[in-house]
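Peer 1: First the structure, then my questions, so here it is.
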Amino acid sequence: MAMTRIVITLDQETLSRLDHLVQEKAYPSRSKAIREAIQEKVEHARRNRLAVECAKLDPNSEQALAEEGMGTELATWPQY
């Protein structure tokens, strides 16, 4: 995947903590640590948006839609 260089500004305490992680070999570089942190945050936001949208669904309405048209098919489904 192609990489694009960006510039960010961090406070000194955060930068020191980041450098400590790199020195302790938790990450090979600042860039890798920041990349992983951003990827985690973006994924978390995506999952959160999905959860918010799912919470808007009405369970009874969704159940009715799922069962719609299955009246004749239900009898032929295997027993679990």
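Peer 1: Once you have the Cα-Cα distance between residue 76 and residue 38, take 0.36 nm times their residue separation minus that, and quote the gain in nm to one decimal. Intermediate values should be presented prior to the final figure.
Peer 2: On the way: separation 38, 0.36 × 38 = 13.68 nm, distance 4.90 nm.
Full extension from residue 76 to residue 38 adds 8.8 nm.
Peer 1: Assuming R0 = 22 Å, what is the FRET efficiency of residue 66 and residue 46, from their Cβ-Cβ distance, to the nearest 0.05?
Peer 2: Computed FRET efficiency for residue 66 and residue 46 comes out at 0.35.
Peer 1: What translational diffusion coefficient, to the nearest whole µm²/s, does the range 17-56 have by Stokes-Einstein, given a Kirkwood radius computed over alpha-carbon pairs, a temperature of 4 °C and 1.567 mPa s viscosity?
Peer 2: 112
Peer 1: Limiting things to C-alpha atoms, what are the Rg and the maximum Cα-Cα separation (Dmax) for the chain, in angstroms?
Peer 2: Rg, Dmax (Cα atoms, Å): 23.9, 67.
Rule-based calculations on the coordinates, nothing more; no lab input. In this text, all values refer to a predicted model and were calculated from it rather than measured experimentally. Note that each Cβ is placed from the backbone with ideal geometry, even for glycine, and that neighbours are counted across all protein chains shown.
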